[in-house]
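Reading through the structure tokens given below for one structure.
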Amino acid sequence: PAAAKLLFRIASLKLKASPLRITRIEAGPKGIRFEFDQQPAVDPSRVIALIQSGPGYRLDGRHLRVKADLPSADARVETIEKILSALAGRAA
């Protein structure tokens with residue numbers, strides 16, 4: 001079922017976020033917020049590249065905020081997957 005697939009995708013996101021020391025991800029229809037640990041394991045140049053890639057990205061202390069129109073759970077999960085891949089230095 002679709003709900004079970006979504007739960008597996010969310011679990012996969014948690015596994016991808018953990019090594020980067022992202023402690024929380026909040027997603028809604030208007031955007032996403034990533035919260036980093038005090039000592040994130042993300043190359044700062046990757047964060048800068050994301051911020052420079054579009055007007056919807058903003059770094060606010062330990063939070064990376066992404067302003068985007070994400071009306072469905074699938075759109076949110078897909079966007080989070082792409083951002084985590086970019087932060088990890090992997091192709092999406």
Relative contact order for the chain: what is it in percent, counting Cα pairs under 8 Å that are at least 6 residues apart? 30
Just to confirm, what accessible area per residue do you get for the chain at 1.4 Å probe, in whole Å²? 64
Angle check, please: helix 2-17 long axis (alpha carbons) against the longest principal axis of the chain (alpha carbons), in degrees 0 to 90, nearest 10. 20
Can you give the local net charge around LEU70? Use residues other than it whose beta-carbon is closer than 15 angstrom to its beta-carbon, Lys and Arg +1, Asp and Glu -1. +2
Per the helix-only calculation at 222 nm, which mean residue ellipticity applies to the chain, given -39500 (n - 2.57) for every DSSP H run of n ≥ 4 and division by its residues, nearest 500 deg cm²/dmol? -14500 deg cm²/dmol
On Cα atoms only, tilt of 44-53 relative to the major axis of the chain in degrees: 70
Consider the candidate values (i) 35; (ii) 55; (iii) 47; state which one is percent of Cα pairs over 19 Å apart computed from the structure displayed. (i)
Tell me the accessible surface of ARG90 in square angstrom (1.4 angstrom probe, heavy atoms of protein chains only), to the nearest ten. 120
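The values are calculated or read from the model by the stated rules, or taken from the named source; none is laboratory data. What you see is a predicted model, and the numbers here were worked out from it, not measured in a lab. Positions of Cβ are backbone-derived with ideal geometry, glycine not excepted, and every protein chain shown enters the neighbour counts. What goes into the accessible areas is simple: the full protein's heavy atoms, side chains included, and nothing from ligands, DNA or RNA. Shrake-Rupley method; radii C 1.70, N 1.55, O 1.52, S 1.80 Å.
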